[in-house]
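*Asks:* Provided herewith is a single structure, encoded as structure tokens, for subsequent inquiry.
Taken together, the values in this text are just the output of simple stated rules run on the coordinates, not laboratory data. Treat the numbers as computed from the prediction; the structure is a model and nothing was measured. Cβ coordinates were reconstructed from backbone atoms using ideal geometry, including for glycine residues, and neighbour counts include every protein chain displayed.
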Amino acid sequence: MSSMGEDEVSSFFESSPPLKKMEDILQKLNGFIELNSSGGRRRIVCVTSGGTTVPLEQRCVRNIDNFSSGNRGAASTENFVKAGYAVVFLYRSGTCQPYCRSLPDDPFLECFQFPDNTNIQGICLSFSIYIHRFIFNQMFCTAVAEARLLKLPFTTIYEYLQMLRLIATAFKDVGPCSMFYLAAAVSDFYVPWNSMTEHKIESGSGPLDIRLAQVPKMLSILRTNWAPQAFCISFKLETDSKILIDKATKALGKYKVHAVVANELSTRKEEVVIVSSSGNVVVRRDSDKPEAIVEDNLIRLIVDRHSTYIKESHT
Ligand code: PAZ
């Protein structure tokens with residue numbers, strides 16, 4: 001990476017507002033890594049999930065948001081845990097959570113919305129399903145959280161990148177058994193903290209002009225400096241399918257990641273394409289199984305590739 005790029009990254013972090021509870025996060029992170037990876041016990045993956053926000057005021061009232069429900073990250077996390085990985089789940093507050101993806105926003109209120117033609121048995125049944133799922137999910141979340149899942153929330157681009165750097169630096173000693181699976185939708189543009197107004201932007205004086213700076217690209221520095229031995233998967237989202245593969249191929253070459261998962265907004269739950277130096281592989285959801293999700297097949301393939309990578313690193 002050019003020193004120009006490194007300078008931009010350094011100045012981004014130097015001018016960022018300090019990360020709240022950093023000591024607490026570091027303590028949890030190091031404890032989790034020690035517990036899971038010492039003596040090569042388990043592979044460890046950082047799954048990023050959800051979209052970052054760009055605040056427009058330091059005492060933030062308004063922000064620019066990046067689209068992502070967090071479903072991909074949450075579903076992938078479940079599959080990584082199933083495959084024996086310990087997962088650091090770096091997620092946007094309020095987005096989908098592992099093991100709770102299918103719960104409605106407010107399961108209890110939804111239970112009491114009686115459609116006109118629903119009989120009382122149907123109501124009781126759906127209520128008991130929700131209660132069962134809710135308790136089961138809570139128990140499972142707690143059990144998993146004890147050893148295999150560490151959940152770290154972020155909201156802003158500043159928090160996300162500072163936390164990603166902490167995690168990557170902490171993963172350095174895990175070497176090839178560590179992985180980054182970067183499914184979060186990260187802002188490309190932001191308002192630098194020192195040029196941001198402190199108080200709420202006033203309205204009533206005509207249109208608002210905001211100048212956004214480009215967020216420095218951190219992927220190259222993650223690959224070269226922070227965690228050079230980690231297996232690294234990035235994502236590329238486009239709404240125009242005609243440019244998707246080309247963009248993903250360019251990202252693969254530019255950031256030297258091990259694979260780029262390319263997906264188109266409207267079909268992202270049905271299929272993705274793994275773009276890598278060994279060719280492009282289309283991964284689809286098993287449409288004959290109603291409960292199947294595309295992440296079942298995607299994570300199986302990624303885990304296989306990680307196994308090959310670990311073997312090759314030891315030879
Ligand atoms: O979170 P979700 O399930 O609604 O969507 C997942 C996704 C499209 C955000 C993810 O698969 C992805 O492509 N993330 C990277 C987005 C980007 O190109 O910045």
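*Asks:* Pairs to check: 172/247; 21/151; 217/247; 217/250. Give those whose C-alpha atoms are more than 25 Å from each other in this structure.
*Replies:* Checking Cα-Cα distances, 172/247 exceed 25 Å.
*Asks:* Which aspartates and glutamates, if any, have their Cα less than 20 Å from the Cα of residue 311, not counting same-chain residues under 8 positions apart?
*Replies:* 173
*Asks:* Continuing with this model, one more query. Would you please give the FRET efficiency between residue 224 and residue 198, computed as 1/(1 + (r/R0)^6) with r the Cβ-Cβ distance and R0 = 30 Å, to the nearest 0.05?
*Replies:* Plugging the Cβ-Cβ distance into 1/(1 + (r/R0)^6) gives 0.25.
*Asks:* Still on this structure: Grab the beta carbon distance between residue 23 and residue 287, set R0 = 51 Å, and tell me the FRET efficiency rounded to 0.05.
*Replies:* It comes to 0.60.
*Asks:* Taking residue 289 as the anchor, which lysines have their alpha carbon closer than 25 Å to its alpha carbon, excluding any fewer than eight residues away along the same chain?
*Replies:* 82, 269
*Asks:* Calculate the spin-label point distance for residue 11 paired with residue 211, positioning each point 7 Å from the Cα along the beta-carbon direction, and give it in nanometres.
*Replies:* With each label point 7 Å from Cα toward Cβ, the separation is 1.3 nm.
*Asks:* A further question follows. Just tell me which aspartates and glutamates come within less than 18 Å, Cα to Cα, of residue 236; anything on the same chain fewer than 8 places away is out.
*Replies:* Partners found: 65, 188, 246, 264, 270, 271, 295.
*Asks:* Now, a different point. May I ask you to order 243-252, 73-82 by the average number of other C-beta atoms within 10 Å around their residues, highest value first?
*Replies:* 73-82, 243-252
*Asks:* With r as the distance between the Cβ atoms of residue 243 and residue 35 and R0 = 41 Å, compute the FRET efficiency 1/(1 + (r/R0)^6) and round to 0.05.
*Replies:* Given R0 = 41 Å and the Cβ-Cβ separation, E is 0.40.
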